[in-house]
Structures are given as structure tokens and as C-alpha cells.
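Worksheet for the structure shown next.
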Amino acid sequence: MSFKYLMPTKCYFGKGAVLEHKDELKNFGKKAMIVTGKRSSKKNGSLKDMEEALISNGINYVIFDDIEENPSLETIGKASELGKEEKVDFIIGIGGGSPIDASKAIGVLINNKDYSYENILAAPPLKGIPVIAVPTTAGTGSEVTPYSIVTDHKAKTKKNLGQLIYPEIAFCDASYMIDMSYDVTVNTGIDAFSHLAESYLNSNANIMSDIYCEKGLKIFRQCLSKLLTGELDLKLREDLMMVSTLGGIAITQTGTSLPHGMGYHLTYFKGMAHGMANGILYEEYLKVFKDKTRVNELLSFIGVGSIEELGEKLRSILKWNGTVTKEELLSYAKSIASNKGKLKNHPEEITEKELYNIYYRSLIR
Ligand code: NAP
Ligand code: ZN
């Protein structure tokens, strides 16, 4: 088997990582743009730490703090205009996957003035200005992946930007998550699990991705018990941050698979949080495998006896009160059946009917 292994992001883990390693910021220029969400980075101390680190290095900065969940191309366009006007040298994404993914796309637009948010999805491979990541969810693993997932309102779905932008540095400090609500903790934690699971069960899985998946899933075993009992202590936060980063490295090697492709429709049309949209499909996704060898290995890593038991556990922590019709699910199944990029990551043949059944059994029956 031939494959490539790449993990170019320098990661610092631990409480106080931003201020302890603030000298790293000197290598990227004289002016930064901080890209963040509306509220959380102001409350959890991550924005304050970064401002202090920049000031002490004599680096000027502007802040764009209007990134919404599942960032739209329009917002990315707006932020990139600010970055161009202010002539920033690098971007610092602080927050969950939304601000970090947005930072990657904004960096590409700032560096490539011939492209705009309206035509960037069709662009050839481009380079962006450097991106530094401070993850405050665990999560997407976006601090180590090259992906940037954006909402394309014209196509009415979420899409990968299609550029490979690795953050230069990731400052991973789990203490920023200490006051995170139970729901955000669960939704983002299940996203991290789903990265490890979809990487492990992927056509592109290889020895390097398996190393990250196996270790990450074994750490997730402890996390799942605590998520079930609601014991949200610092150790859980640190474990989830590690699971998330390991998951990010794993999907960088393999890509994600069916639940991610299928979940985008649930997020776009039903407003379901990203991690929940994956997790809610998991029991039926695992059942669809004809060869269950690796599914059973995965279950043993997380200490769960059967697919049904995992389904029961996920249902007890992921609560969705929305509704969806059979017609809507038929249209989502049709769309994913034509997404050859996602289907090729699933190692077995799968029909549109089977995809519909995953949706239907997860959400209606
Ligand atoms: P998010 O959309 O970035 O944030 C979700 C919510 O959590 C927001 O309300 C945010 O508030 C809040 N939040 C963030 N940090 C917090 C903290 N420490 N304490 C309390 N609340 C906090 O969520 P996410 O799940 O991390 O990111 C999802 C996005 O990433 C999706 O667009 C998904 O498609 C993408 N994704 C990317 C990759 C990749 O490889 N690049 C992989 C998987 C998913 P504020 O808005 O106020 O900050
Ligand atoms: Zn994800």
C-alpha cells in the first residue's frame, strides 16, 4: 500500500500555552487579524491571552468577531476585506471549528486578490497568509487539519473550501473550555469521536491514521463515561482536547466519511449542530457495514459491547427535538448518493436506498 503522511502544524498543549509560547508569534509579521466568534472567546479568556501576547511582542492587530456557527462565504468575504484594508500579515483564529475554518479561507482570500468569496470554491490550489489556531472547542481538530468547511448558501449546503491550509501553530489549552455548557461539550465531543471512527472505517485508512485513531478512541472511552454522567471536569476537557487533535490528524490522512457528508444536510436544513448531525446517524451507519471486523475493533477500543449499546448511549446524550419528513430525507439521500468524493471513502458499495435507510431509521423510525 502506498500513502502520504503529513502533519506540519506545531502544537503546544497545556494550560497557559499562548502566553508561555508567545515568542512564536514574532515569526509571522507586524500586524495580525484575530478572527473569532461573537461571544465565547471574550468569556473564556482566550482572546485576552492572545491580545496580551501580541501587545507584549509589539504586534499590532485588528479583531473580526462576527464569525457565525458554520461560517458562510459571505462572512468570510467581509472579514477578508477588512484584512486587506488593514494589510494584515497573518491570521489568528480563536474559537471552535467555525472561526478556525473561516480563518483559513480568509487567509486565502487576503493573499489572492483575483478571487472573491463568490468564486473561491472553483479556484485552483492557492496559498494563504499564515494562520495560527487557538481551539476552544474539542471538537473539530481544525487546528491541525488543512480543511475549511464553509456554508455555501447558493448551493444550500456546506462544502470544503477545496484548499489545503494547515495552521502554522496550534495553542491547545483545554482550560478555555471549563465553563462550556453540557450541550456544546457533547456536540463537539461527538464530532471528535466521529472523526476517529470515520477515519478508522475509511477506505484510505493506513497504519499512520490507525495509530491516531486507536489511541484517540481509547482515550474517548473515558470521555464517553463522563459525558454520560455529566462529570465535566478539567481532566475530561484535557482528554477531549487530545481526542479532538488526534482526530484532526487522522482525518487529515484519510478524510471523513458518510456521517459527515450526510450530516451537512441536517445542519443546513434543520439547524442541527455539526457533531450531533454526525452522531445521530452513527448506529445505522455502523450497521450498514457488511464486514464488521473493524467496526467491532472500534467498539472494543471505546469499551462498548455492541452497535445497539453505542446507539443507546449516543441517544441518551444527543437530544434533538426537530422534525423531518420522508420527502426531505429522500432528497438528502439523493444528494449524498451523487457525492462521489464522500462515497469513495466508504470501503463498501452503498446504494441510495441504504443511505436513505440510515437517515430514516436514525430520524423517523
Ligand atoms: P463552533 O461552530 O465553532 O462553535 C459552536 C458554539 O460553541 C458557538 O456558539 C461558540 O460561541 C461556542 N464556543 C466555542 N468555544 C467555547 C468555549 N470554550 N466555551 C463555551 N462556548 C464555546 O463549533 P465547532 O463544533 O467547534 O465547529 C463546527 C464547525 O467546524 C462546522 O462548520 C464544521 O463543519 C467544521 N468542521 C471542521 C473540520 C475541519 O477539519 N476543519 C472538521 C469538522 C468540523 P461563539 O460563536 O461565541 O464563539
Ligand atoms: Zn466533524
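The values are calculated or read from the model by the stated rules, or taken from the named source; none is laboratory data. Nothing here was measured: the structure is a model prediction, and the numbers come from that model. Neighbour counts are summed over all protein chains in view; Cβ atoms, including those assigned to glycine, are modelled from backbone coordinates with ideal geometry.
Remarks
For (1) modelled with pLDDT of 95 or more; (2) assigned to a helix (DSSP H, G or I); (3) within 12 Å of ligand 1 (Cβ to nearest atom), each residue gets a yes or a no:
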| residue | (1), (2), (3) |
| --- | --- |
| Leu217 | yes, yes, no |
| Phe220 | yes, yes, no |
| Glu231 | yes, no, no |
| Gly247 | yes, yes, yes |
| Leu266 | yes, yes, yes |
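- Only one of the numbered conditions (1) surrounded by fewer than 24 Cβ atoms within 10 Å (Cβ to Cβ); (2) part of a helix (DSSP H, G or I); (3) under 16 Å from the mean Cα position of the chain (by Cα) is not met by Ala277, and that is (1).
- Pairing each residue of the range 171-188 that is of a type in the set (Phe, Trp, Tyr) with any residue that is more than 9 Å from ligand 1 (Cβ to nearest atom), provided the two are 6+ apart or on different chains, yields C-beta distances under 6 Å for Phe171/Tyr12; Phe171/Ala17; Phe171/Val18; Phe171/Val134.
- Considering residues of the range 90-127 that are touching a strand residue (DSSP E or B) at 6+ places or on another chain (Cβ under 9 Å) and under 10 Å from Ser80 (Cβ atoms) only, the residue farthest from ligand 2 (Cβ to nearest atom): Ile110
- The residues in the range 134-155 that are under 18 Å from Ser72 (Cα atoms) and more than 15 Å from ligand 2 (Cβ to nearest atom) can be counted, and the count is 4.
- Filter result for the condition that a residue is crowded, with 22+ Cβ neighbours inside 10 Å, within 19 Å of the chain's Cα centre (by Cα), more than 10 Å from ligand 1 (Cβ to nearest atom) and closer than 30 Å to Ile178 by Cα, over Ile67, Ile100, Ile92: Ile92
- Flag if Lys158 is over 23 Å from Met33 (Cβ atoms), within 15 Å of ligand 2 (Cβ to nearest atom) and not in a helix (DSSP H, G or I): yes
- Criterion: more than 30 Å from Ser335 (Cα to Cα), touching a Pro at 6+ places or on another chain (Cβ under 9 Å) and not hydrophobic (A, V, I, L, M, F, W, C) - qualifying residue of Pro167, Pro135: Pro167
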